Amino acid sequence: MTAGSAMSVGVVGAGTMGAGVAECLAQAGHDVIVVDPDPQAVDQARSRMRDSLRLAILLGRAGGPKPAEVTARVHWTGEMTDLRDAAVVIECVPERIDLKEKVFAELDRVCAPAALLASCTSGIPVDRLADSTTRPEQVVGLHFMNPAPLKDTVEVVRGPRTSPQSLDRALALLASLNKTGIVVGDGPGFLLNRVLMLCIAEAAAALGDGIADAETTDALFEGCLGHPMGPLRTADLIGLDNVHDTMTALRELTGDDHYRPPESLVALVEAGHLGRKTGRGFHEYQ
């Protein structure tokens with residue numbers, strides 16, 4: 001696999017991250033197969049991709065193929081067996097351990113023996129997912145950030161059994177997307193979310209304790225520390241449901257109560273206020 005070679009790439013999950021990763025792949029010229037059994041999720045993903053491509057033109061970011069050419073490279077399906085000829089498959093389902101293990105077991109069954117299996121997990125150890133397959137040396141983590149089309153760097157997780165060849169293939173795929181892969185070792189939360197989820201949890205807990213409101217919290221991080229976005233705005237961008245699932249998984253994996261989702265976060269998720277994608281989270285959005 002070279003940085004410029006087009007191939008068939010599968011994406012499992014048509015949520016916000018799955019749609020974003022699929023857009024990146026199709027924009028780079030790859031043929032993309034997105035699998036999701038929920039027709040409503042597929043319809044929303046199609047709409048999300050069209051909106052993203054139109055926005056890229058409005059913001060002057062589009063310099064490659066036309067939106068119609070990009071969307072024509074994406075095939076939407078509800079059948080995992082349609083991934084049988086994919087060279088690489090990227091799993092982007094919700095951050096639940098049992099669900100991801102089930103997906104990897106199914107991918108191992110239906111995909112070609114040489115296929116590289118990648119997870120967009122934000123914190124579940126790659127080696128645990130590899131245990132659900134008969135090819136642990138071909139399993140790697142590709143932790144894309146949201147929104148995937150706008151983020152130039154990807155956290156690449158090398159499991160203890162990931163082969164050097166698989167790591168090279170993963171980095172070559174990212175290079176074909178004009179993205180930089182930074183390689184880290186395996187473990188709950190990897191590097192980014194091992195640190196970030198603690199920061200978000202403490203910021204949300206301080207909010208619940210009445211120490212500072214969301215605007216003040218983020219203004220301090222942005223003004224005093226030079227962060228382009230404070231922890232609560234970052235959580236809103238990620239999606240509070242995704243943050244909640246990631247914290248829950250990390251608490252289960254580590255036994256560390258510092259990862260317990262704080263009450264202020266749980267209340268927003270239960271009310272359906274999930275951040276930017278719903279118009280309200282810790283902050284409100286137009």
| Cα centroid distance between segment 1-49 and segment 115-182, in Å? | 16 Å
| remark: Placing +1 on each Lys and Arg Cβ and -1 on each Asp and Glu Cβ in the chain, then taking the dipole about the Cα centre, the residue among 255, 147, 238 whose Cα reaches farthest towards the positive end is 147
| remark: Note on the chain: contact order normalised by length, alpha-carbon pairs under 8 Å, 6 or more apart, percent, works out to 15 percent
| task | Report the calculated FRET efficiency for residue 114 and residue 59 (r = Cβ-Cβ distance, R0 = 35 Å), to the nearest 0.05. | result | 0.35
| request: Starting from the Cα of residue 260, step 7 Å along the direction of its Cβ; do the same at residue 81; then give the gap between the two resulting points in nm. | output: 4.7 nm
| Stretch residue 99-residue 213 to full length: gain in nm at 0.36 nm per residue minus the Cα-Cα span? | 37.5 nm
| Once the Cα atoms of segment 8-63 are picked out, what are the Rg and Dmax in Å? | 11.3, 34
| task | Between beta-carbons, use under 10 Å as the cut-off and find the net charge around residue 12, counting Lys and Arg +1, Asp and Glu -1. | result | -2
| task | Just the number, please: percent antiparallel of the DSSP beta bridges in the chain, rounded to the nearest 5. | result | 15 percent
| query | Which of these, 110, 32, 88, has the largest mean-square fluctuation under a Gaussian network model of the chain (Cα springs below 10 Å)? | reply | 110
| request: Considering only 75, 227, 143, give the residue with the highest GNM mean-square fluctuation for the chain, with springs between Cα atoms whenever their separation is below 10 Å. | output: 227
| Mean projection of the alpha-carbon convex hull of segment 64-183 over all orientations, in nm²? | 7.4 nm²
| remark: Of the candidates 90, 115, 42, the farthest towards the positive dipole end of segment 39-126 (Lys/Arg Cβ +1, Asp/Glu Cβ -1, centred on the Cα centre) is 42
| query | In a solvent-free Debye calculation with one equal scatterer on each Cα, what is log10 I(q)/I(0) for segment 160-286 at q = 0.11, 0.15, 0.22 Å⁻¹, listed in the order of the q values? | reply | -0.46, -0.78, -1.22
| field | In the chain, lysine pairs with alpha-carbon atoms under 26 angstrom apart (chain gap of 8 or more, or interchain) | value | 9
| field | Three semi-axes of the equivalent ellipsoid, segment 235-286, Cα gyration tensor, whole Å, largest first | value | 22, 10, 7
| task | Kindly provide the Kirkwood hydrodynamic radius of the chain in Å, to one decimal, from all pairs of distinct alpha carbon atoms. | result | 19.3 Å
| field | Estimated 222 nm signal from helices in the chain, with DSSP H stretches of n ≥ 4 weighted -39500 (n - 2.57), rounded to 500 | value | -14000 deg cm²/dmol
| request: Determine the dipole magnitude for segment 54-97: charges of +1 sit on the beta-carbon of Lys and Arg, -1 on that of Asp and Glu, nothing else is charged, the reference point is the Cα centre, and the result goes in debye to the nearest 20. | output: 320 debye
| Simple spin-label estimate for residue 191 and residue 222 in nanometres, 7 Å along Cα-Cβ | 2.6 nm
| task | Could I have the simple spin-label model distance between residue 278 and residue 165, label points 7 Å from Cα toward Cβ, reported in nm to one decimal? | result | 4.6 nm
| request: Run the dipole for the chain about the Cα centre, Lys and Arg Cβ at +1, Asp and Glu Cβ at -1, nothing else charged, and hand back the magnitude in debye, nearest 20. | output: 900 debye
| query | Given Cα pairs under 8 Å that are at least 6 residues apart, what percent is the relative contact order of segment 161-286? | reply | 22 percent
| request: Only Cα pairs under 8 Å and at least 6 apart count here; give the relative contact order of segment 1-159 as a rounded whole percent. | output: 23 percent
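Report the net charge of residues surrounding residue 68, where surrounding means a beta-carbon distance below 12 angstrom and charges are Lys +1, Arg +1, Asp -1, Glu -1.
Once all neighbours under 12 Å are counted, the net charge is +3.
Coordinate-derived values only; no laboratory data. All of these numbers come straight from a predicted model, not from anything done at the bench. So basically every Cβ, Gly included, is an ideal-geometry build from the backbone, and we count neighbours across all protein chains shown.
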